[in-house]
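The values are calculated or read from the model by the stated rules, or taken from the named source; none is laboratory data. Fair warning: this is a prediction, and the values are worked out from it, not measured in the lab. Note: ideal-geometry Cβ built from the backbone for every residue, glycine included; neighbour counts use all protein chains shown. Quick note on the areas: whole protein, heavy atoms, side chains included, nothing else; ligands and nucleic acids left out. Shrake-Rupley method; radii C 1.70, N 1.55, O 1.52, S 1.80 Å.
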Amino acid sequence: MGTHTLGWVAIVVATFSYGSLFVPVKNYDIHDGIVYQWFQCCGILLAGLLQALWRNDWEAPGLSAPGFYVCREGVLSGVFFQLANVLATQAVRTFGMSHYFTTQKVTNLGGAFVVGVFGRHFGLPVEPPSDPLLALMGCLSVLLAMVPLGFTRVEDEDQIDEHSRSFVKFQETRTISPADKKPHLIPPQHSDMGGYLMLDEAVSEPSTPAPTPVFPRREQGGRGGWCKGLAWSLFAGLAFAFIYIPILPWKHRMALENVEFSSFDYFLSISVGLFISSTAYMLLGGAMKKYQGKKLMKSVLRPALITGVLWSVASMAQLYSLAVMPYAVAYCLVCGGEVGVSLLWGIFVFKEAATVHNLTCTMLAFLGVLIGVGLVAASK
């Protein structure tokens, strides 16, 4: 199997894994997300260590252990992950879930596109797509596809008409309260460590397992609050776009030093940087909770660890695709494709779009994502 073929396979693996991140914790309350994101990062570090053990050269002389190689660029990528996570949390709290997810895609996809097309002008060793205009049209299509998701409504049992019931009647019936039927429809961002899943205390207090949390929108506090939320969202998207950029100078440095390397050598560094920054965030968050007289709520452990391992598989696959395909193409394909996968989970498995209105919004979003992904793929 050729390198480029493996690149496409890696994109499929990354897309499916990122789009399925919410599945292991779908029916559990993660509370304020501070402990949850740390458990998840433990799973990521575990995956990084297992990969290092598997790939290490145990016959290497002296103190050399190539499997456990850690580079400064990879640690920086891990820090960017956590920074994006914190910014996303603040954005959702001040701007609302649907507004956040739509606006952050502007700087997320836009930032990745600019780096992938014009990165050489900034000294970054990138390979631009063969048709940048087509790639731009694909990114815009994915961005516009986010708009219908902002119009989904909380579903009440009485609102589900007979036509909608016939669409989901082949699936099992389960008891869900009306508030629990708000469609999540939007996946955790592929680099998110629990960020905008963090909830208000009033929503996250129950200790019993609960279906996907509802994301309440806070009072915005006038134009000032709206502008603040918009700024948080745009900065979060930009941080997400910067996550894998450090791999570009790292690859260039390895090539100049005539070192034989693989994109998988980069992952342990990401997991280390992410674990360190995630731990610092948990300690700081715990201290703030203590100062405010609030209890630090612990989330479920095993689903968070499983999600961390699943994220690791997706990240390693994306790292490989970024190494063998143009940066803008590989990044934007995964970023858009993961949304489509999450929409399919929501429609066919979790029945999160049971009304005609929500189903229409969801299908419009999926169609836009599908068109966008196709255009980006064709731009390679």
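Per-atom-type breakdown for the stretch 1-114 gives carbon and sulfur 72% of the accessible area (1.4 Å probe, protein chains only).
Karplus-derived 3J(HN,Hα) values for the stretch 226-240, using 6.51 cos²θ - 1.76 cosθ + 1.60 with θ = phi - 60°, are 5, 5, 5, x, 4, 5, 4, 5, 5, 5, 5, x, 5, 5, 4 Hz; glycine and proline are entered as x. Computed from point charges on the beta carbon alone (+1 for Lys and Arg, -1 for Asp and Glu), the dipole magnitude for the stretch 1-148 about its Cα centre is near 260 Debye. Length available on full extension from S130 to R302: 0.36 nm per residue minus the Cα-Cα distance, which gives 57.6 nm. Working ranking of peptides 281-294, 366-379 by packing, defined as the average number of other Cβ atoms within 10 Å per residue, highest first, is 366-379, 281-294. Residues whose amide H lies under 5 Å from that of V70, counting only those 5 or more places away or on a different chain, are absent; hydrogens are built 1.01 Å from N in the peptide plane. Dipole of the stretch 261-380 computed with +1 at Lys/Arg Cβ and -1 at Asp/Glu Cβ about the Cα centre; of M288, A314, G337, farthest Cα towards the positive end is M288.
Computed from backbone phi, the HN-Hα couplings of the stretch 354-368 come to 8, 8, 4, 4, 5, 5, 5, 4, 5, 5, 4, 4, 5, 4, x Hz, rounded to whole numbers (Karplus: 6.51 cos²θ - 1.76 cosθ + 1.60, θ = phi - 60°; Gly and Pro given as x). Descending by average beta-carbon neighbour count within 10 Å, the peptides 84-92, 66-74 line up as 84-92, 66-74, the highest first. Accessible area per residue for the stretch 33-107, computed on protein heavy atoms with a 1.4 Å probe, is 42 Å². Seen from L234, the other residues with C-beta closer than 13 Å to its C-beta sum to a net charge of +2, counting Lys and Arg as +1 and Asp and Glu as -1.
The distance from the alpha carbon centre of the stretch 281-298 to that of the stretch 117-131 is 43 Å, rounded to a whole number. Evaluated with a Cβ-only charge set (Lys, Arg +1; Asp, Glu -1), the stretch 269-368 carries a dipole of roughly 660 debye about its Cα centre, given to the nearest 20.
Can you give me the Cα centroid spacing of the stretch 22-59 and the stretch 316-347 in angstrom? If you average the Cα positions of each part, the centres end up 20 Å apart.
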